[in-house]
Amino acid sequence: MDIVSLCFDLIRCKSVTPADDGAIDCVAEFLSAAGFETRVLTFTSADGANSVKNLFARYGNSGKKVLGFIGHSDVVPAGEDWEVDPFAAIQRDGYLIGRGVADMKGGLAAFCCAAVEFVRQPFDGTIEFFITGDEEIGSQEGIQSLIEWAVENNCIPHNCLIGEPSSDVRLGDRIYIGHRGSLNVTVNSQGKQGHSAYPSNYKNSLINLCRYIVRISGYQWKHDNEKFPLTNLEATMLFTNNYAQNVVPDFSSANLNIRFGDDYTTEKLKVVVQREAESFSGLSFDFFPSGEAYCCDDDNLKKKLSSSIEEITGVNPYFSTAGGTSDGRFMARHCSVIEFGLPDATIHQKDEKVKIEDLKNLEKIYFSFLKKYFEC
């Protein structure tokens, strides 16, 4: 089966997160037919609400070099106003169109095909797949649970490649060598309700909250490690429990999101956020960490991937730690992680698409990288 056919099969699985609709079995059967040991692992949340199907696959038994590949088969909802059926896998004008083709069934299909072709030759090492079904909704029963299982079963790789869409303008122009951390904060402001005509009788929770947001938005973040962009805080939602024009609300809240490099950790950010609130009475905070910042410092790994990209595309990629978070934030606690895949221009949009030429070239890049990694 070639990469386009495998990608067709995956797109036609309506695996809108955390549903599977056969996507994991599709990958498992493809790898199993090539001699990979495969294990389909289903993890269920503590409350029983989510049950997620995942795949661990392995070829080789040598511990000399163990390369992992992380991917996900789930996709975001299709949405409306598509020109084609989002789950029909349509070829048009040199593109393959379908929900998830860029994020990230195309990358998944490319590495599967590259790995199956690669293991036909002798090599000294092991290839492992970590394929999950809930990346788009937080990864709790996906990569987090799968890594816990891998630790218990001594299956953690030495290095890991993530096939998320990472290219910018054209295939191969950007490699993610890490990502900023992400911290979500809910700021709660408690005041006293009252009629807006009588200032002495109320305490405006909304004004108090807005003044704090202005203050924390102007905070001067340190920026010692320039491998990461400057820490950035954004207010993303504002809520108050009153909708009458002449009533001052007694409770308001706001959601903030902070993206940060390794100048900070979640714990250090909590200190800053709360310290800046000391002059504001009635504020309290709830923190929801998404992950810490991480960066790949393995120059040999970066060199081999860059060389493969240049060999196939003629493009000399640049390294970046921008963009959103990925499942790499969990594996980075255990090994070096690097991220490279298709262009990200249409991900999560209607009429998501990739060039078929890019799909085929990505497979070639992955194959070249496997050869360089295992020194074949």
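Of the cross-linked pairs LYS64/LYS371; LYS65/LYS360; LYS303/LYS364; LYS105/LYS353; LYS64/LYS227, those separated by over 22 Å at the C-alpha level are LYS65/LYS360; LYS64/LYS227.
In the chain, the calculated helix contribution to ellipticity at 222 nm averages -8000 deg cm²/dmol per residue, counting -39,500 (n - 2.57) for every DSSP H run with n ≥ 4.
Over the chain, Cα pairs under 8 Å with separation of 6+ residues give a relative contact order of 24 percent. With a simple spin-label model that places each label point 7 Å from the Cα along the Cα-to-Cβ direction, the separation between VAL271 and ARG333 comes to 2.2 nm. Take the Cβ atoms of CYS376 and ASN184, set R0 to 56 Å, and the FRET efficiency comes out at 0.80. Here the chain is assigned +1 on the Cβ of each Lys and Arg and -1 on the Cβ of each Asp and Glu. Its dipole about the Cα centre then comes out at about 800 debye.
Gain in length, TYR318 to VAL214, computed as 0.36 nm per residue apart minus the alpha-carbon separation, to one decimal in nm? Walk me through the numbers on the way to the answer.
Details: separation 104, 0.36 × 104 = 37.44 nm, distance 3.50 nm.
Computed gain between TYR318 and VAL214 is 33.9 nm.
Packing order of peptides 30-41, 290-301, 211-222, highest average first: 290-301, 30-41, 211-222 (average count of other Cβ atoms within 10 Å over each peptide's residues). For ALA46 and GLU234, the FRET efficiency from 1/(1 + (r/R0)^6), where r spans their Cβ atoms and R0 equals 35 Å, is about 0.65. Over all other residues within a Cβ to Cβ distance under 14 Å of PHE36, the charged ones net out to -2, with Lys and Arg as +1 and Asp and Glu as -1. Peptides 50-56, 227-233, 259-265, ordered by how many other C-beta atoms sit within 10 Å of their residues on average, highest first, read 50-56, 259-265, 227-233. Summing +1 for each Lys or Arg and -1 for each Asp or Glu among the other residues whose beta-carbon sits under 12 angstrom from that of SER51 gives -3.
By the scheme Lys and Arg +1, Asp and Glu -1, what is the net charge of all other residues having a beta-carbon under 12 Å from that of VAL248?
Numbers: positive: LYS192, LYS203; negative: ASP250.
Charge balance in the 12 Å sphere: +1.
How far is helix 299-313 tilted, in degrees, relative to the longest principal axis of the Cα atoms in the chain, given as a value from 0 to 90 rounded to the nearest 10? For 299-313 against the chain, the angle is about 70 degrees.
Residues in the stretch 33-40 carry Karplus couplings, in order, of 5, 9, x, 6, 6, 10, 9, 8 Hz; the curve used is 6.51 cos²θ - 1.76 cosθ + 1.60 with θ = phi - 60°, and Gly or Pro positions show x.
In this simple spin-label approximation, GLU152 and ARG92 carry label points 7 Å from Cα along the Cα→Cβ vector, and these lie 4.7 nm apart.
With a/c under 1.5 counting as rounded, go ahead and sort the stretch 2-47 into rounded, prolate or oblate using the C-alpha gyration tensor (a ≥ b ≥ c being the square roots of the eigenvalues; past the cut-off, prolate if a/b is larger than b/c, else oblate). Since a/c reaches 1.5 but b/c is at least a/b, the shape of the stretch 2-47 is classed as oblate. Note: relative contact order over the stretch 1-159, using C-alpha pairs below 8 Å and six or more positions apart, is 33 percent. Between GLN140 and GLU83, full extension at 0.36 nm per residue minus the direct alpha carbon distance yields a gain of 17.2 nm. In terms of the mean number of neighbouring beta-carbon atoms within 10 Å, the peptides 175-181, 83-89 order highest first as 175-181, 83-89.
Based on the Cβ-Cβ distance of ALA19 and ASN225, what FRET efficiency does E = 1/(1 + (r/R0)^6) give at R0 = 45 Å, to the nearest 0.05? Show your work: numbers first, answer last.
On the way: r = 40 Å, r/R0 = 0.88.
Calculated transfer efficiency: 0.70.
Taken as Cα centroids, the stretch 104-177 and the stretch 19-85 sit 10 Å apart, rounded to the nearest whole angstrom.
Close amide H pairs (under 5 Å, H built 1.01 Å from N) link VAL16 with VAL75, residues at least 5 positions away or on another chain.
For the stretch 263-274, the Karplus equation 6.51 cos²θ - 1.76 cosθ + 1.60, evaluated at θ = phi - 60°, returns couplings of 5, 10, 10, 4, 5, 5, 5, 4, 4, 4, 4, 6 Hz by residue, with Gly and Pro reported as x. Averaging the sequence gap over all C-alpha pairs within less than 8 Å and six or more residues apart, then dividing by the number of residues, gives the stretch 39-129 a relative contact order of 41 percent. Each of (1) 23.4, 83; (2) 36.7, 110; (3) 20.4, 61 is a candidate for Rg and Dmax of the Cα atoms in Å; the one calculated from this structure is (1).
None of the figures in this text is laboratory data; all of them are computed from the coordinates on show. On a predicted model such as this, the values are computed, not experimentally measured, just so you know. Don't worry about glycine lacking a Cβ; one is built from the backbone with ideal geometry, like all the others, and counts go over all protein chains shown.
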